[in-house]
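The values are calculated or read from the model by the stated rules, or taken from the named source; none is laboratory data. What you see is a predicted model; the values in this text were computed from it and never measured. Glycine also receives a Cβ, built like all others from the backbone with ideal geometry; neighbour counts cover every protein chain displayed. Surface areas here come from the heavy atoms of the whole protein model, side chains and all, with no ligands, DNA or RNA. Shrake-Rupley method; radii C 1.70, N 1.55, O 1.52, S 1.80 Å.
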Amino acid sequence: MKKVIIKTNRLCKSYIVGKQGNHVLKNIDLEIYDGDFTVIMGRSGSGKSTLLYSLSTMDQPTRGNIFLLDQDITKLNEKEITKIRKNKISFVFQSINLIPDMTALENVAYSGYGCGQRTKAEVNEQALELLRQFDLEEVKDNYPSEMSGGQQQRIAVARALITGSEILFGDEPTGALNSTASEQVLDLLTKINKEGQSIVMVTHDLKAARRATRLLYLNDGKIDGDLQLGTYEEQDEKARAKVIEDFLKERGW
């Protein structure tokens, strides 16, 4: 039986606009499991990004509970939440935001300093090893402006992983990339998921959705579909694409 790493109980999120309430998330009960590549989809305004930000400590729900790695984050203070962000979870966004005056190696290593009991030399060696694993060693001394978009985003993934995070959250991480760069990043995310990394990602891209082991569909602030896909294998891509497209069409995608 899979371990639950995120659980929500009647999760709600509302915003007040003028005198009107905008109810974005509506009593969501959800479990996310260790080792899954969970993808969240939905039409614009469905609440998918709000759900991701709530699950990842980036936003505070209006009501309900979120248990993240067995801790109810709705009851934690900012210092406790900061500790979780530093040591337990990590983020990859559409906007890559590498530090422009640091090399690829320095960008990755910088995020690892102060995490755990490692020395600076140990962090530097781990950063170099991540670049080797991700076929990025040749750009280790390059600055972001000297790298392609795909290389930069793979650096961002390495930067997210060096902290030893248990869950990687992604908000449209391939949204600003061309098709070739997008495939490179998706290949990398698939690789690390098969090695055991838990991933929770929001996307509108059908090609990205094919990499999921589980696809959640959000509609008007509620879970409107839960599709179990299993581990991605390239030879099954056409059949997998058909299953996903049928699932989405049934929900008005």
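Note on E233 and Q20: the model spin-label points, each 7 Å out from Cα along the C-beta direction, lie 5.0 nm apart. Each Lys and Arg adds +1 at its Cβ and each Asp and Glu adds -1 at its Cβ; summed about the Cα centre, the chain shows a dipole of about 1040 debye. Of the solvent-accessible surface of the stretch 95-231, computed with a 1.4 Å probe and all protein chains present, 45% belongs to carbon and sulfur. Equivalent ellipsoid of the stretch 36-77: semi-axes from √(5λ) of the C-alpha gyration tensor, largest first, are 20, 13, 7 Å. For the peptides 167-180, 104-117, residues were scored by their other Cβ atoms within 10 Å and the scores averaged per peptide; the highest-first order is 167-180, 104-117. Counting every alpha-carbon pair across the chain, the share separated by more than 31 Å comes to 25%.
The calculated pair-distance distribution of the stretch 173-253 uses every alpha carbon pair, bins of 10 angstrom beginning at 0, and gives 16, 52, 30, 2 percent. Its Cα gyration tensor gives the stretch 78-172 an equivalent ellipsoid; the semi-axes, largest first and in whole Å, are 21, 16, 11.
With helices as the sole contributors, the chain gives -10500 deg cm²/dmol at 222 nm; each DSSP H run of n ≥ 4 counts as -39500 (n - 2.57), and the sum is divided by every residue. Across Y15, Y33, Y53, mean-square fluctuation computed from a Gaussian network of the chain (C-alpha pairs under 10 Å connected) peaks at Y15.
Taking every protein chain into account, the accessible area of the chain amounts to 49 square angstrom per residue (probe 1.4 Å).
Relative contact order, whole percent, for the chain stands at 25, derived from Cα pairs under 8 Å and 6 or more residues apart.
Taking the chain as a Gaussian network of alpha-carbon nodes connected by springs under 10 Å, the highest mean-square fluctuation of the residues V243, V24, V185 belongs to V243.
How large is the convex hull of the Cα atoms of the stretch 20-132 per residue, expressed in Å³ as a whole number?
Expressed per residue, the convex hull around the Cα atoms of the stretch 20-132 is 171 Å³.
Which of G64, G230, G21 ends up with the largest GNM mean-square fluctuation for the chain, with Cα atoms connected below 10 Å? Top of the fluctuation ranking is G21. Compactness ratio for the stretch 118-205: Cα radius of gyration over 2.2 N^0.38 Å (N = residue count) comes to 1.08.
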